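Working notes, beginning with the structure itself.
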2 protein chains.
Amino acid sequence: MTQTESAAKTGSRTDIREENERRILAAAEQVFAERGFGGATMQLIADKAGLPKANLHYYLSSKEVLYRRVVERIFNIWLEAADSFETSATPERALSRYIARKMQMSRDYRFGSKVWANEVMQGAPIIQDYLEVTLRDWTETRIAVIRRWIDAGLIRPVEPRWLLYMIWATTQHYADFAHQIETLNGGHPLSDAQWQDATETVCGIILRGIGLEPPAPEAAGRDRAEGAP
Amino acid sequence: MTQTESAAKTGSRTDIREENERRILAAAEQVFAERGFGGATMQLIADKAGLPKANLHYYLSSKEVLYRRVVERIFNIWLEAADSFETSATPERALSRYIARKMQMSRDYRFGSKVWANEVMQGAPIIQDYLEVTLRDWTETRIAVIRRWIDAGLIRPVEPRWLLYMIWATTQHYADFAHQIETLNGGHPLSDAQWQDATETVCGIILRGIGLEPPAPEAAGRDRAEGAP
DNA sequence: ATCATTCTTGACTGATTGGTCAACTCTGGT
DNA sequence: ACCAGAGTTGACCAATCAGTCAAGAATGAT
């Protein structure tokens with residue numbers, strides 16, 4: 001039916017495949033986020049993607065494969081953001097940029113964050129190897145950096161682990177508990193100004209908490225998506 | 001009824017009912033925490049409780065009723081802990097006690113915390129009224145208290161909402177993401193000393209972050225369950 | 001000992017699930 | 001015009017699900 005012409009300008013086959021996979025993955029991310037792996041149904045994902053259920057299995061062989069694809073995509077996005085923790089910058093700059101970036105991610109990828117939370121809460125049956133290798137390596141290098149800051153007397157002596165967990169927890173909270181936050185906000189999503197204020201507050205408390213003076217908010221550009229890679 | 005006599009260790013019927021309901025609720029809390037509502041099965045809960053599945057339906061009429069009971073129990077536990085935010089105390093004392101109590105709760109009720117997180121992530125289909133009434137009221141009163149602290153110049157001027165969310169996020173993270181934390185801890189659960197250090201670090205960063213000097217760790221008694229109400 | 005009541009449980013049911021399949025349409029190349 | 005291969009889809013299947021039920025076991029009161 002009209003399915004084919006909904007693709008981009010060029011009607012190439014690979015475009016159809018890419019477009020449909022994109023739609024399926026987007027729908028799946030949302031449904032997995034809201035219901036967890038076990039609670040999600042292929043029918044629900046199909047409906048949300050606007051495709052018949054059999055079509056899902058044509059592109060993604062099984063529910064588990066689909067879930068794995070979703071989780072891997074999220075982990076890659078997380079990895080990109082993790083780069084904004086510049087190990088060569090000053091503590092103020094490295095931490096404030098990282099926190100701001102993670103807050104922005106909670107706003108832009110709230111479904112992905114929830115899927116990640118769900119996966120970890122269930123004991124990470126799918127992504128345990130990511131945790132043990134990639135995440136652990138990333139964490140260890142940042143811990144080393146923070147420890148060097150401490151040794152240089154740049155920040156107060158705190159166990160770097162707890163500091164990192166605090167940043168993760170606080171920023172991801174705005175995605176995972178978005179519904180609770182909205183309810184306590186009178187049922188309305190946070191406005192642009194509220195997001196910016198929350199980001200500055202979180203950044204300010206954490207930086208001051210370890211003995212730093214937070215830098216002036218960076219250009220205030222809230223919709224300046226992100227800088228170069 | 002004949003309930004006049006105080007419930008002793010007699011093998012009375014009500015004892016059997018209470019004991020079985022307790023076992024079912026405990027098993028259900030764990031399974032709902034690990035799989036979410038949709039992913040949990042009555043068979044799994046029955047196996048974990050050591051009872052035949054039909055027995056579950058004898059005590060609790062449906063899966064949804066069972067889930068509701070679990071969630072309500074968790075909310076009540078949360079409410080008790082919320083009392084440790086003493087509105088009459090100094091900011092240092094009110095906040096440090098509240099944070100310590102919430103950290104302890106993350107350790108003692110990790111399943112409950114996960115069920116709560118799951119429920120909120122799914123849009124709080126069951127407990128929306130709790131969010132809108134009880135939680136909102138509690139939050140508003142604490143926000144008012146924090147605002148008074150600010151007006152009195154006791155703490156730095158920060159939006160109280162973001163401060164509360166930060167405390168919730170950070171403390172609950174230790175329950176909801178316990179698996180990730182364990183993995184990054186070499187596969188071992190946090191030791192008593194690590195829990196205490198994490199608590200003090202979280203407390204220290206947040207208090208210093210709003211311009212307070214954290215009080216000396218309270219008696220360091222890590223297994224001194226909790227004081228009176 | 002009798003008996004009403006509570007508790008136990010294997011066997012069952014209708015509904016829903018993930019996944020399959022064969023018949024079908026559409027597309028670009030020739 | 002024709003065709004090979006990509007994309008589409010309703011109908012179907014075995015497995016699993018929440019929930020039911022009736023027959024029986026256990027218990028306290030008399």
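The values are calculated or read from the model by the stated rules, or taken from the named source; none is laboratory data. None of these values were measured; they are calculated from a predicted model. Every residue, glycine as well, gets a Cβ built from its backbone with ideal geometry; the counts of neighbours run over all protein chains shown. Note: accessible area is taken over every heavy atom of the protein model, side chains too, but ligands, DNA and RNA are not part of it. Shrake-Rupley method; radii C 1.70, N 1.55, O 1.52, S 1.80 Å.
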Kirkwood hydrodynamic radius for the protein assembly as shown: how many Å is it when counted over pairs of different Cα atoms? 23.9 Å
What are the distances, in nm and sorted shortest first, from the label point of A:GLN43 to the label points of the same position in each other copy, with each label point placed 7 Å from Cα along the Cα-to-Cβ direction? 1.9
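Rounded if a/c is under 1.5, else prolate if a/b is larger than b/c, else oblate: which is region B:74-229, with a ≥ b ≥ c the root eigenvalues of its Cα gyration tensor?
Oblate, since a/c reaches 1.5 and b/c is not below a/b.
How large is the convex hull of the Cα atoms of region B:31-81 per residue, expressed in Å³ as a whole number?
83 Å³
Looking at this model, which pairs from B:LYS48/B:LYS114; A:LYS114/B:LYS114; B:LYS48/B:LYS102 are more than 22 angstrom apart at the alpha-carbon?
B:LYS48/B:LYS102
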Listed residues A:ILE74, A:ILE206, A:ILE150; largest mean-square fluctuation, Gaussian network over chain A with Cα springs below 10 Å, found at A:ILE150
Going by the alpha-carbon gyration tensor, a ≥ b ≥ c the square roots of its eigenvalues, is region A:161-222 rounded (a/c under 1.5) or, if a/c is not under 1.5, prolate (a/b greater than b/c) versus oblate? oblate
Mind checking the dipole of the protein assembly as shown: about its Cα centre, +1 per Lys or Arg Cβ, -1 per Asp or Glu Cβ, Debye to the nearest 20? 480 debye
List, in order, the whole-Hz ³J(HN,Hα) value for each residue of region A:115-130 obtained from phi through the Karplus relation with A = 6.51, B = -1.76, C = 1.60 and θ = phi - 60°; use x for Gly and Pro. 4, 4, 4, 4, 4, 5, 4, 7, x, 6, x, 9, 10, 4, 5, 4
Size of the dipole of region A:39-83 about the Cα centre, Lys and Arg at +1 and Asp and Glu at -1 on the beta carbon, nothing else charged, in debye to 20? 240 debye
Residue (of A:ALA216, A:LEU154, A:THR87) at the positive-pole extreme of chain A, dipole from beta-carbon charges: A:THR87
Expressed per residue, the solvent accessible area of region A:72-209 in Å² (1.4 Å probe) is about 36 Å²
Rounded to a whole number, what % of the accessible area of chain A do carbon and sulfur atoms account for, probe 1.4 Å? 50 percent
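Estimate for me the total accessible surface buried between chains A and B (protein heavy atoms, probe 1.4 Å, no ligands or nucleic acids), in Å² to the nearest 100. If you can, show how the numbers build up before the last one.
Values: alone 12900 and 13340 Å², together 21450 Å².
Chain pair A/B: roughly 4800 Å² of buried accessible area.
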In debye, nearest 20, what is the charge dipole magnitude of chain A about its Cα centre with +1 on Lys and Arg Cβ and -1 on Asp and Glu Cβ, if you could check? 240 debye
The ³J(HN,Hα) series, computed from each phi in region A:28-34 with the Karplus coefficients 6.51, -1.76 and 1.60 at θ = phi - 60°, rounded to the nearest Hz and given as x for glycine or proline, is 5, 4, 5, 5, 4, 5, 7
List, shortest first and in nm to one decimal, how far the label point of A:GLU92 (7 Å from Cα along Cα→Cβ) is from its counterparts in the other copies. 2.8
Ordered shortest first, which distances in nm separate the 7 Å Cα→C-beta label point of B:GLU64 from those of the other copies? 3.2
Amide H to amide H, which residues 5 or more places from B:ASN185 or on other chains are under 5 Å from it, using H placed in the peptide plane? none
For region B:74-229, averaging the sequence separation of alpha carbon pairs under 8 Å that lie six or more residues apart and dividing by its residue count, the contact order in percent is 33 percent
Given Cβ charges of +1 for Lys and Arg and -1 for Asp and Glu, the option among B:ALA175, B:SER96, A:LEU44 whose Cα lies farthest towards the positive end of the dipole of the protein assembly as shown is A:LEU44
